[in-house]
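The values are calculated or read from the model by the stated rules, or taken from the named source; none is laboratory data. Treat the numbers as computed from the prediction; the structure is a model and nothing was measured. Here the Cβ is made from the backbone with ideal geometry for all residues, glycine too, and neighbour counts use every protein chain on show. In case anyone asks, the SASA skips ligands and DNA or RNA and just uses the protein heavy atoms, side chains included. Shrake-Rupley method; radii C 1.70, N 1.55, O 1.52, S 1.80 Å.
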Amino acid sequence: MVKESVMNAKQAEVAEVAEDLKKSSTVVVVDYLGLTVEEVTEYRKQLREAGASMKVVKNTMLRRAAQEAGIEVDANLFKGPSAIVFSDDVVAPAKVTANFAKDNETLEIRGGIVEGSYASKEVIEQVAKMPGREELLSMLLSVLQAPMRNVASVLSQANPAQKMVYALKGISEQKSA
């Protein structure tokens, strides 16, 4: 029979993974079999830089954690060697994983969870193509600055016209005097 301490450790791990699934905006499930240690290390480094994390968890624990988190997933999502990549950012884990998978064909995206709902491989790939948080903030800032920039441009162009009007008025006053 399984020792109670082992069972408690497994339950704690399931609870921890369930909490990660609940609090993460995006979870990407990948098959990492065939990657070298150096490739996995590089992949984890890229994930950390993007604010994401990766865990290797047994499939039965992943299934239980998903059930505990109240997330329904495809039965094939947790088959074979699985690693989960998760982050509070919706786009970051998908983008880093998709870019890494382009360079390393052995890394396979299986699917994932986006905002608490199951997402197929195709959905994860579409999320990866979306602009990231920083890019969206940059676009928003540009849109907000556009009216001010246009007003400044009009005002700066008005000065030369205004100067010309004053010059013409001065010339006309000289000729009339």
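Quick check for me: using +1 on Lys/Arg Cβ and -1 on Asp/Glu Cβ, what's the dipole size of the chain about its Cα centre, in debye to the nearest 20?
Charge dipole of the chain: 680 debye, to the nearest 20.
I need the helices of the chain that pass two filters: whole DSSP H segments spanning 30 Å or more by Cα along the axis, and mean Kyte-Doolittle score no lower than -1.0.
Correct list, ordered by number: 133-176.
What is the pair-distance distribution P(r) of the chain, computed from all Cα-Cα distances in 10 Å bins starting at 0, with each bin given as a whole percent?
Each 10 Å bin holds this share of Cα pairs: 9, 28, 23, 11, 7, 6, 6, 5, 3, 1, 0, 0.
Per 0.36 nm of contour for each residue apart, how much would the distance between Asp31 and Ser176 grow if the chain were fully extended, relative to their Cα-Cα spacing?
This chain segment gains 43.3 nm when fully extended.
How much area per residue is accessible in the chain when the probe is 1.4 Å and only protein heavy atoms are counted (Å²)?
Numbers: 11500 Å² over 177 residues.
That works out to 65 Å² per residue.
Counting only protein heavy atoms and a 1.4 Å probe, tell me what percentage of segment 1-130's accessible area is made up of carbon and sulfur.
50 percent
So, by mean Cβ neighbours within 10 angstrom, what's the order for 6-12, 57-63 with the highest one leading?
The peptides rank, most packed first, as 57-63, 6-12.
What ranking, highest mean first, results for peptides 134-140, 92-98 when packing means the other Cβ atoms within 10 Å averaged over each residue? Mind showing how you got there, number by number?
Values: 134-140: 11.1, 92-98: 26.0.
In decreasing order of mean packing, 134-140, 92-98 become 92-98, 134-140.
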